[in-house]
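Beneath this line is the structure, given in structure tokens, with notes to follow.
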Amino acid sequence: RRQRQMCIRDRDYYIEYKKGGNAMNAEQIMKIFADTAYIRTGGSPEELRTAQYLQDKIAGLGLKAEIVPLDVPMSRIQEAVLQVGGVEVTCKGYLCAGSGEVKAPFYYLRDSSPYALSKCRGKIVMIDGYLGYWVYHDLLENGAVGFVTYDGNTNYADRDIDQRELRSYVHNGNRIPGVNINAKDAVELIRRGASTAKIALKQEEYTGQSHNVVLDMPGQVDEYIAFTAHYDSTSLSQGAYDNMSGSLGILGIAEHFAAHPHRYGLRFIWCGSEERGLLGSKAYCADEEKLKNCVLNINLDMIGCIMGKFISCVTGEEKLCHYISYLGDELGFPVEVKQDVYSSDSTPFADKGVPAVSFARIAPPNTATIHNRYDTMALMKGEQMVLDTDFLIAFAERMANAARCPVAREMPENMKEKLDIYLCRKRAPKQ
């Protein structure tokens, strides 16, 4: 058995471990980052390979995890062509956006005003930013016949293009063809005053499988705390920061409780296909019988990076915000806490009425970025992973061994409103 001793000196903090057995130290953590330094998109063979890797690491702790499959929409792009003004532009077709060809005037939608949207009719429309639910439906309602998005950065040397997807909850069966291009090309199209466009898209769509990795650690009572972190990545990213870091965090918490008692049961869920719309956690939460005895969800998404501040986002009663803030002060571990909806696997739990809290270390964007080739283990620090995980263990210890979980199992009205907006059941009021 190992002991953890937290020491506080001169208003600074440090955490000293006395290790034994298979305890993860900073060097071992960085080794796992190195072992998983590859792209692992939801539903891919590489994602399953990572699930099996995590299962093996869990077995190394003397614990047994189950790999649980879930059906996910999949697609193979066979052809994706964008021509603007007769010139071909390098692009990637949107997965699950169907097949077809469309020729039309080219229009750059600079804002979402009613006048600007009214000019979309009969056009292939390029938008800024991400193709979310309401943006897509604005395009449909205003008669757009195709769409172009762009990503990357005009100041970066690369010309990478993310592989994006028209998600089923976004299109609801009403699909128009779309492609994604690099930001440099988007700027050039507007610079030269492009006026006509053609999109040709051909793809094979089918149902594939993603996987959750689930570890159960029974307690003294039937009620349990669910720990979540996603392990998939986006199409350009090794996903060290987002989110092998969170996956390692809950692995460290599981390791701790394997050697320490806990009154509440603990369920650890490494979620697949989070980057494709929280598909793994949504699949888990779709079975409401599983959630009957779940008193709290603790979600980790992006911890342990070299730079940045540690934050907590509570989708539940405001009292929990104060509790975490006080705990940070008590332990000398700075944490910024707010009550809100976090864009991660905590949200499906909260939407089913389970109080949820997400933790992250958020780096400034000029020191760490995600969803691109720059999210690698170079952003991470093993020692910071150890520090962050230790604070999370301290919080989890208090919840797992409480005589009664102190967090109310009800969702405040202000959080219900935010969940409705996040999950596209309600449109956010315009600012």
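The values are calculated or read from the model by the stated rules, or taken from the named source; none is laboratory data. Since the structure is predicted, the reported quantities are computational estimates derived from the model, not experimental observations. No Cβ is skipped: glycine too gets one built from the backbone with ideal geometry, and neighbour counts run over all protein chains shown. Protein only, heavy atoms only, side chains kept; ligands, DNA and RNA dropped before computing areas. Shrake-Rupley method; radii C 1.70, N 1.55, O 1.52, S 1.80 Å.
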Tally, over region 345-382, of residues that are outside any loop (DSSP other than H, G, I, E, B), among the small types (Gly, Ala, Ser) and surrounded by fewer than 24 Cβ atoms within 10 Å (Cβ to Cβ):
2
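Conditions tested, residue by residue: (1) among the acidic types (Asp, Glu); (2) surrounded by fewer than 24 Cβ atoms within 10 Å (Cβ to Cβ); (3) not in a helix (DSSP H, G or I).
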| position | (1), (2), (3) |
| --- | --- |
| 236 | no, yes, yes |
| 242 | yes, no, no |
| 256 | no, yes, no |
| 262 | no, yes, yes |
| 268 | no, no, yes |
| 283 | no, yes, no |
| 298 | no, no, yes |
| 303 | no, no, yes |
| 307 | no, yes, yes |
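Would you please name the residue that is most open to solvent (accessible area, probe 1.4 Å), looking only at residues in region 186-215 that are free of Cβ contacts under 8 Å to residues at least 60 places away in the same chain and not small (Gly, Ala, Ser)?
Residues of region 186-215 that are free of Cβ contacts under 8 Å to residues at least 60 places away in the same chain, as a first pass: 187-188, 191, 193.
Narrowing the set further to residues that are not small (Gly, Ala, Ser) leaves 187-188, 191.
Numbers: 187: 67, 188: 76, 191: 171 Å².
Ranking the qualifying residues of region 186-215, first place goes to 191.
Among the residues that make up region 100-114, is at least one of them part of a loop (DSSP other than H, G, I, E, B), surrounded by fewer than 16 Cβ atoms within 10 Å (Cβ to Cβ), touching a helix residue (DSSP H, G or I) at 6+ places or on another chain (Cβ under 7 Å) and of a type outside the set (A, V, I, L, M)?
Of the residues in region 100-114, the ones part of a loop (DSSP other than H, G, I, E, B) are 110-113.
Pick out the ones that are also surrounded by fewer than 16 Cβ atoms within 10 Å (Cβ to Cβ) and you get 110-113.
Filter once more, keeping what is touching a helix residue (DSSP H, G or I) at 6+ places or on another chain (Cβ under 7 Å): 110, 112.
This time we only want the ones that are of a type outside the set (A, V, I, L, M), so: 110, 112.
Taking every residue of region 100-114 in turn, at least one turns out to be part of a loop (DSSP other than H, G, I, E, B), surrounded by fewer than 16 Cβ atoms within 10 Å (Cβ to Cβ), touching a helix residue (DSSP H, G or I) at 6+ places or on another chain (Cβ under 7 Å) and of a type outside the set (A, V, I, L, M).
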So the check is Cβ under 7 Å with 6+ separation or different chains; which pairs have a first residue in region 125-152 that's assigned to a helix (DSSP H, G or I) and a second one that's among the basic types (Lys, Arg)?
134/427
Single condition residue 423 does not satisfy, out of (1) out of contact with any helix residue (DSSP H, G or I) (no Cβ under 8 Å at 6 or more places or on another chain); (2) touching a residue at least 24 places away in the same chain (Cβ under 8 Å); (3) under 30 Å from residue 112 (Cα atoms):
(1)
Quick one: how many residues across region 245-282 are over 11 Å from the mean Cα position of the chain (by Cα) and either charged (D, E, K, R) or closer than 25 Å to residue 38 by Cα (or both)?
16
Pull up region 221-234, narrow it to residues that are among the hydrophobic types (A, V, I, L, M, F, W, C) and over 23 Å from residue 37 (Cβ atoms), then point me to the one that is surrounded by the fewest Cβ atoms within 10 Å (Cβ to Cβ).
221
Going by the structure shown, is residue 62 of a type in the set (Gly, Ala, Ser), surrounded by 19 or more Cβ atoms within 10 Å (Cβ to Cβ) and touching a residue at least 40 places away in the same chain (Cβ under 8 Å)?
no
With surrounded by fewer than 20 Cβ atoms within 10 Å (Cβ to Cβ) and either modelled with pLDDT under 95 or more than 24 Å from residue 163 (Cα to Cα) (or both) as the only criterion, which of 67, 77 stands out?
67
Tell me whether region 383-400 contains one or more residues that are at pLDDT 95 or above, in contact with a strand residue (DSSP E or B) (Cβ under 9 Å, 6 or more places away or on another chain), assigned to a loop (DSSP other than H, G, I, E, B) and surrounded by fewer than 21 Cβ atoms within 10 Å (Cβ to Cβ).
no
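Among 215, 266, 278, which is at pLDDT 95 or above and within 20 Å of residue 303 (Cα to Cα)?
278
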Within region 282-335, can you find the residues that are in contact with a Ser or Thr (Cβ under 8 Å, 6 or more places away or on another chain) and within 18 Å of residue 241 (Cβ to Cβ)?
299, 300, 301, 302, 303, 304, 305, 306, 307, 308, 312, 313
With respect to the numbered conditions (1) within 20 Å of the chain's Cα centre (by Cα); (2) open to solvent by 30 Å² or more (accessible area, probe 1.4 Å); (3) within 25 Å of residue 290 (Cα to Cα), which one is the sole condition not fulfilled by residue 218?
(1)
Would you mind finding the one in 326, 342 that is in a loop (DSSP other than H, G, I, E, B) and without any contact (Cβ under 8 Å) to a residue 60 or more places away in the chain?
342
Filter result (basic (Lys, Arg) and surrounded by fewer than 16 Cβ atoms within 10 Å (Cβ to Cβ)) within region 129-174
159
Could you check region 355-405 and list, in sequence order, the residues that are over 21 Å from residue 311 (Cβ atoms) and of a type outside the set (Ser, Thr, Tyr)?
372, 373, 377, 378, 400, 401, 402, 403, 404, 405
In region 309-323, which residues are closer than 13 Å to residue 353 by Cα and either open to solvent by 10 Å² or more (accessible area, probe 1.4 Å) or assigned to a loop (DSSP other than H, G, I, E, B) (or both)?
316, 317
Within region 343-378, which residues are closer than 26 Å to residue 423 by Cα, among the basic types (Lys, Arg) and more than 14 Å from the chain's Cα centre (by Cα)?
352
